[in-house]
Amino acid sequence: MGKVNVAIIGGGTVGGGVYQALKKNGRLIASRLGISLSVRSVVVRDLQKTRNVKIAKKLLSTDWKSVVEDPKIHLVIELVGGVRTAKQIVKKALALGKPVVTANKALISEFGEELFALADENNTNLYYEASVAGGIPIIKVLREGLIGNRIPYIYGILNGTCNYILTRMKREGSEFGGVLEDAQRLGYAEAEPSLDVDGIDAMHKAGILGSLAHGFWIPPEQIHVEGIRGISPLDIQFSEQLGYTIKLLATIKPAKKTSDSCAIQISVCPTLVPNHHVLAGVQDVFNAIFIGGDIVGETLYYGRGAGQDATASAVVSDLADAALDLKHDTHNRIPPFVPHSEDGIVAPWEKTVAPFYLRLNVVDRPGTMSKITAILAESNIGISSIIQPEGHEGDMVPLILMVHDASIESMNHAVELIRKLKVVRGIPKVIRVENFED
Ligand SMILES: NC(=O)c1ccc[n+]([C@@H]2O[C@H](COP(=O)([O-])OP(=O)(O)OC[C@H]3O[C@@H](n4cnc5c(N)ncnc54)[C@H](OP(=O)(O)O)[C@@H]3O)[C@@H](O)[C@H]2O)c1
C-alpha cells in the first residue's frame, strides 16, 4: 500500500489544520513513511461557510455516511466534536474495518472501552493521540515511551483556557469574569466556556491518562472535578504570599494509606502549587504534564495543548501510525488500551487526603481565632500556618489558614462547623494544596 486515502470528517479548527498540515508537509511525511496520505474528502455541515483554511471545493461534502462507506476511503479522521454524531461516525467506520483517528476526548473518555472493543472485533484500530494535551505526544509517552514503568503519579495542567485565565488573574490582579470575556474576545475561550472553565475538558483528559497509567478504564463519573469560576484575586494574592500559585491541576496518584492500598486518587480541581515547582511556572495557554515512572524517575512534557496547528500535529502523528499499520497489516501493533489491573479502583473523593488552604471572612475581635482552631483541633486537623493580612477596612477581616493533611470528609465537616460560627461570615473558601511530596 503506497497510498492511503483519507477522509476528514469535520473541516473546522482541527480538520482545517490537518488539511493544511498535509498540504504543507505531505511530501516530507510520505518520504518518511514510504506511504503518501491523500485527502479524498472533507465533510462539513455548511458548504457555504467561509473557512480560514481554504479547502478544495471538489473535496467538500456534507454526507459523512456515504463518505465513510466509500470503498475508496481507507482511513477515517473524526473531527466533528460532540459525542452523538461523532460516536456514530466512529462506530460506522470501525464496523467497516476502517481505522479511525480522533481528537475527541469526550468520546474516548466516555465510550473508549466500547469503541476499542469494536475496533478489535473488526481487526482495526482507533487512534486518539490528539485527545489529550494537543501537540504534546502524551499518549505515546504513556503507551510506548514509559511502557516499562509503573506510574506512581501524574500531575497535569491540561486546559489551556483555564491556565490562560489564571495566569492573567495572577499577573493583573483581575477578576475571573473580566479575564474570561477577554479570553473569549481573543479566541482563547469558547463563547460557551463551561466545558473549559468548569473543568470538564480536563476531566476527560485526566480520565484517559489515568486509565492508560493504571490499566483500568476510568469513566468521567469517577473523577472529582471542580472548575475555576470560584477563584478570586484574593485567593491568588494570598496564595502568592504563602509561596504558591493556583493552577487547575489534574492529579492522578495512589490514594493515601488511610484508604484501600490499590486505590488511586484522580481529580481535576484548583490547587495551590508551590512556586518552586516547575508546574507553577507554566504560563498562559500552555499545558504541562509531570509524570513519575518507578524506573525512569521524574519526567516533564510541555507544549501547546490545543489550537489548530498543535492539535493537527498530533492527528497527523496518528495518521502516520495508522497508515503504517495498514501498509504492514499490523492493526494490533499498539492496541488503543490494554487493561492490566483487575483490582484497580478509584478511591472515593471524600476519603482522599491532602493539605488545604482555607480562607475565611471573620469578625475582627479577640477570641475568633481560638474558636476556629478549636474546631480544627477537634477534627484532628493540624494548622501549618496562619496569615491575617493588615489594612482591611471595617470589622471584617480575611483569615487564611494552611492545614496539614486531612481527609476531604473531615475537612468538609470542620468547615461546616466553622461556617456556623457567629464570628464567620460568608462561605469559607477551601482549596487543595499539592506539595509533590509523595
Ligand atoms: N480546537 C482545538 O484546539 C482542539 C484541541 C484538541 C482536540 N480538539 C477536538 O477536536 C474535535 C474538533 O474540534 P474543532 O475545534 O475542530 O471543532 P470545530 O471547529 O467546531 O469543527 C467541527 C467541524 O465538524 C463539522 N461538523 C459538525 N457536525 C457535523 C455533521 N453532523 N456533519 C458534518 N460535519 C459536521 C463542522 O462543519 P462546519 O464547519 O460546516 O460547521 C466543522 O467543520 C473535537 O472533538 C475537539 O474536542 C479540538
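The values are calculated or read from the model by the stated rules, or taken from the named source; none is laboratory data. What you see is a predicted model; the values in this text were computed from it and never measured. Every residue, glycine as well, gets a Cβ built from its backbone with ideal geometry; the counts of neighbours run over all protein chains shown. SASA here: full protein model, heavy atoms, side chains in, ligands and nucleic acids out. Shrake-Rupley method; radii C 1.70, N 1.55, O 1.52, S 1.80 Å.
For every residue, the table says whether it meets (1) of a type in the set (A, V, I, L, M); (2) in contact (Cβ under 8 Å) with a residue 40 or more places away in the chain.
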| residue | (1), (2) |
| --- | --- |
| 312 | yes, yes |
| 350 | no, yes |
| 378 | no, no |
| 393 | no, no |
Return yes when residue 56 is within 16 Å of the ligand (Cβ to nearest atom) and without any contact (Cβ under 8 Å) to a residue 24 or more places away in the chain and no when it is not. yes
Considering only the range 70-100, state which residues are among the small types (Gly, Ala, Ser), without any contact (Cβ under 8 Å) to a residue 60 or more places away in the chain and either in a loop (DSSP other than H, G, I, E, B) or open to solvent by less than 10 Å² (accessible area, probe 1.4 Å) (or both). 82, 86, 93, 97
Residue hits (the range 29-55; of a type in the set (A, V, I, L, M, F, W, C) and farther than 14 Å from residue 18 by Cβ) are 30, 33, 35, 47
Somewhere in the range 179-190, is a residue open to solvent by 10 Å² or more (accessible area, probe 1.4 Å), charged (D, E, K, R), within 25 Å of residue 315 (Cβ to Cβ) and under 17 Å from the mean Cα position of the chain (by Cα)? yes
Per the filter on the range 8-26, residues open to solvent by 30 Å² or more (accessible area, probe 1.4 Å) and either within 7 Å of the ligand (Cβ to nearest atom) or polar (S, T, N, Q) (or both) are 12, 13, 14, 20, 25
From the set of residues in the range 384-433 that are touching a Leu at 6+ places or on another chain (Cβ under 8 Å) and basic (Lys, Arg), which is least open to solvent (accessible area, probe 1.4 Å)? 432
Confirm whether residue 187 is at pLDDT below 95 and touching a strand residue (DSSP E or B) at 6+ places or on another chain (Cβ under 6 Å). no
Residue pairs qualifying under the 7 Å Cβ cut-off, at least six apart or on distinct chains, with the first in the range 403-420 being within 10 Å of residue 356 (Cβ to Cβ) and the second being surrounded by fewer than 16 Cβ atoms within 10 Å (Cβ to Cβ) and among the acidic types (Asp, Glu), are 408/350
